[in-house]
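Undergrad: There's a structure below that I have some questions on.
The numbers here are math on the coordinates, done by the rules we state, and not lab data. Please read all numbers here as calculations on a predicted model, not as lab measurements. With ideal geometry, Cβ positions are generated from the backbone for all residues, glycine too; neighbour counts draw on all protein chains shown.
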Amino acid sequence: MSGDALRLAVIGVGHLGRHHARIASTLEGVRLAAVVDLKADRAAEIAAAHGAVALTDYRELPGHIDAVVVAVPTDAHLSIALPFLERGVGVLVEKPMAQSLEEADAMLAAAAASGATLAVGQTERYNPAVAAVLPLVTSPRFIEVHRLGTFSERSLDIDVVFDVMIHDLDIILALVRSEIVSIEAVGVPVLSPKFDIANARLRFASGCIANVTASRISKDRVRKIRFFQPDAYISIDYAEQSAEGWRLTRRDGQRPQIQGGAIPVQADEPLRRELADFVTAIRDRRSPLVDGAAGRRALALATEVAERMKSV
């Protein structure tokens, strides 16, 4: 790094990338050096708003860039991220991290060889409500997920599993530390050639079952996950950044009682927490919360779910 400021560039400033640029420009110890987008007018607009240089080709980025955020369509993740990883430049790549496990492995190998930080944008892991609940989910037996959204023209190059369900698959893998023994899945292409609504039922060796539903064609927006474990129920509303927990308490000679309620959550923007963690990971030479290995695990499970859907 040059001086005290970490020089960061955002590659792709569309729907999500523009928020990366906005937040990066406000982080302490970070200089948003450049934004890159194939659309020159969009790059110029975002660059002007945050005091950065506008480019249309990531290969024109100066050699002293310390980190990049890759927020382009999935099919370009590898080709853009790889040269930076090979040079030892930190990379935060949006989810899904790659089109295939082979591409993900190429990123991991490059990062390992150069020592570059590789983070994956599984942003929901940085949701404050998730952070508040993680210590309480100790032995889940059943997990119910509903992630429903309205139709959008973006991300139609990938199935709903890779578009949105992958967030919940990542969180489930982080919480249920047990081998998956069976997967049942079904998907339906409704408004696009790809699967727009999907359901997966995951069975773990521990006995836990996760039922995960994702849709991008719903009338209402719902983003909730519920955990059921012996004598306890825990619920998260991702969108509201709220959580609640209930448990059954037993005392000798008394009837069992249900106790609980809202779980304290300190509201914050998950994307800001994600970027801050990425920057700190580079500075401290540690792994980010969602590193390349975690991104690959989520991609592997999403790939298996998608394959089950296609076989139905």
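Undergrad: Of the residues that make up the stretch 124-139, is at least one touching an Asp or Glu at 6+ places or on another chain (Cβ under 7 Å) and either outside any helix (DSSP H, G or I) or more than 24 Å from Val265 (Cβ to Cβ) (or both)?
TA: Looking through the stretch 124-139, none of the residues is touching an Asp or Glu at 6+ places or on another chain (Cβ under 7 Å) and either outside any helix (DSSP H, G or I) or more than 24 Å from Val265 (Cβ to Cβ) (or both).
Undergrad: Here is a further query. When the residues of the stretch 109-130 are narrowed to those that are over 14 Å from the mean Cα position of the chain (by Cα) and either free of Cβ contacts under 8 Å to residues at least 12 places away in the same chain or under 29 Å from Arg223 (Cβ atoms) (or both), which ends up surrounded by the fewest Cβ atoms within 10 Å (Cβ to Cβ)?
TA: Pass one, the stretch 109-130, residues over 14 Å from the mean Cα position of the chain (by Cα): 109-117, 129.
Within this subset, residues satisfying the condition of being either free of Cβ contacts under 8 Å to residues at least 12 places away in the same chain or under 29 Å from Arg223 (Cβ atoms) (or both) are 109, 112, 117, 129.
Working: Ala109: 14, Ala112: 12, Thr117: 27, Ala129: 24.
Residue satisfying both the conditions and the ranking: Ala112.
Undergrad: In this structure, is Ala302 within 28 Å of Lys95 (Cα to Cα), under 22 Å from the mean Cα position of the chain (by Cα) and in a helix (DSSP H, G or I)? So that I can check it myself, show each step before the final result.
TA: Numbers: within 28 Å of Lys95 (Cα to Cα): yes; under 22 Å from the mean Cα position of the chain (by Cα): yes; in a helix (DSSP H, G or I): yes.
The answer is yes for Ala302.
Undergrad: Any chance the stretch 58-80 includes a residue that's free of Cβ contacts under 8 Å to residues at least 40 places away in the same chain and more than 22 Å from Ser114 (Cα to Cα)?
TA: no
Undergrad: Moving on to the next point. Restricting to the stretch 255-268, count the residues that are surrounded by fewer than 18 Cβ atoms within 10 Å (Cβ to Cβ) and touching a helix residue (DSSP H, G or I) at 6+ places or on another chain (Cβ under 7 Å). Talk me through it step by step, then tell me what you get.
TA: Here is the first cut: in the stretch 255-268, the ones surrounded by fewer than 18 Cβ atoms within 10 Å (Cβ to Cβ) are 255-264, 266-268.
Pick out the ones that are also touching a helix residue (DSSP H, G or I) at 6+ places or on another chain (Cβ under 7 Å) and you get 263-264, 266-268.
Of the residues in that region, 5 qualify.
Listed here are the residues, each with its yes/no results for (1) free of Cβ contacts under 8 Å to residues at least 60 places away in the same chain; (2) among the β-branched types (Val, Ile, Thr); (3) touching a helix residue (DSSP H, G or I) at 6+ places or on another chain (Cβ under 9 Å); (4) loosely packed, with under 14 Cβ neighbours inside 10 Å.
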site: Asp163; (1), (2), (3), (4): yes, no, no, no
site: Ile166; (1), (2), (3), (4): no, yes, yes, no
site: Glu184; (1), (2), (3), (4): no, no, yes, no
site: Arg203; (1), (2), (3), (4): yes, no, no, no
site: Ile209; (1), (2), (3), (4): no, yes, no, no
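For (1) buried (at least 22 other Cβ atoms within 10 Å of the Cβ); (2) in contact with a Ser or Thr (Cβ under 9 Å, 6 or more places away or on another chain), each residue gets a yes or a no:
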| site | (1), (2) |
| --- | --- |
| Gly12 | yes, no |
| Gly17 | yes, no |
| Ile23 | no, no |
| Ala34 | yes, no |
| Lys39 | no, yes |
| Ala48 | no, no |
| Val53 | no, no |
